[in-house]
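All remarks here apply to the structure that follows.
Rule-based calculations on the coordinates, nothing more; no lab input. Because the structure is a prediction, the values reported are computed rather than measured. A quick note on method: Cβ atoms are made from the backbone with ideal geometry, for glycine too, and the neighbour counts reach across all protein chains shown.
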Amino acid sequence: MTHALKVHLRVFEIHRTTLRVVTLRPQTRVRFSTNYFHDTWHIVGGPDSASILGRLMWGLAFQKQPGTVVLVDHAHLVPTPFDGDPPDPILLVPQQLTRIDTDLLRAFKLRWRRSPGSPTTIRWHTFGMPAALAAEDRRYRGWRAGDRLLEDRERMSRRAGFICYTAPAELLRRNGLGIFEMGGAGYHPLAAPRYSPYRGYDGEFQVIDNFDRDVAAAQVARREVFGDAPRLLAEDDQRWAVHAQMRQVLRRDR
């Protein structure tokens, strides 16, 4: 983390709004997936994905230009490692800086598909992150007075085909640190429930140790069970059938 991460920047004018869209470069060899399970939106990846996502969140918290978002698009997305379902693009939005609505997202999605334009390469700095990770008092961790007000401004949902995570700068920093530090398999909660203390979180980041292996196995298992199945499996029974076949695929590949 001593060097800045090189990323791509594109600027769009849409509905009288300037969007500054930051994406990973193709040379950045990291992959993510998404799924919806147990009423929770998940971003899924391996340990390397946690490192990159943590840095993206931390840097996003310090951006100054209105309209800035981070997009993880299909160049860095793969089917889910559970059942081979297709992923959705991921959008990280700094709540204090950028305002988006569904109409804007739909128009941006169409523009992105038709003419994404040429990017500018910029450096994504994470100043202060090493010191925060090393801080003995862990001042970015844990619950503090006023957190409920912050969490009321945090959201994770699917909008216009994007998995959108929106959070104020303080939570982008805190969650960026927590995700970056994930050393192996596990979950990091995102978007605390706003209306009921008994609900789970609206979102999570999940690390799978053998992410690439499981993605490949899920794709093989899906083809073996359903052949050319619909893009999105409609029933839980279908997903469990793929997951059961995955165990056979993994045993064959040992």
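For segment 108-120, check the following and say yes or no: at least one residue is surrounded by 14 or more Cβ atoms within 10 Å (Cβ to Cβ), β-branched (V, I, T) and touching a residue at least 60 places away in the same chain (Cβ under 8 Å).
Step one: of segment 108-120, the residues surrounded by 14 or more Cβ atoms within 10 Å (Cβ to Cβ) are 108-109, 111-112, 116, 119.
Cutting the leftovers down to β-branched (V, I, T) gives us none.
Among the residues of segment 108-120, not one is surrounded by 14 or more Cβ atoms within 10 Å (Cβ to Cβ), β-branched (V, I, T) and touching a residue at least 60 places away in the same chain (Cβ under 8 Å), which makes the answer no.
Looking only at residues in segment 31-46 that are touching a Gly at 6+ places or on another chain (Cβ under 9 Å) and surrounded by 16 or more Cβ atoms within 10 Å (Cβ to Cβ), the one that is farthest from D236 (Cα to Cα) is R31. Screening the candidates L71, L56 for the property of being in a strand (DSSP E or B) and within 20 Å of P168 (Cα to Cα) yields one hit, L71. Is it fair to say H42 is touching a Ser or Thr at 6+ places or on another chain (Cβ under 6 Å) and not in a loop (DSSP other than H, G, I, E, B)? So H42 fails the test. It is to be established whether one or more residues within segment 34-49 are over 21 Å from L171 (Cβ atoms) and among the hydrophobic types (A, V, I, L, M, F, W, C). Checked segment 34-49: at least one residue is over 21 Å from L171 (Cβ atoms) and among the hydrophobic types (A, V, I, L, M, F, W, C).
Any chance you could count how many residues in segment 85-140 are outside any loop (DSSP other than H, G, I, E, B), out of contact with any strand residue (DSSP E or B) (no Cβ under 7 Å at 6 or more places or on another chain) and under 24 Å from R55 (Cβ atoms)? Adding up the residues that qualify gives 7. Every listed requirement among (1) under 23 Å from W58 (Cα atoms); (2) in contact (Cβ under 8 Å) with a residue 60 or more places away in the chain; (3) surrounded by 20 or more Cβ atoms within 10 Å (Cβ to Cβ); (4) in contact with a strand residue (DSSP E or B) (Cβ under 8 Å, 6 or more places away or on another chain) is met by F211 save one, (1).
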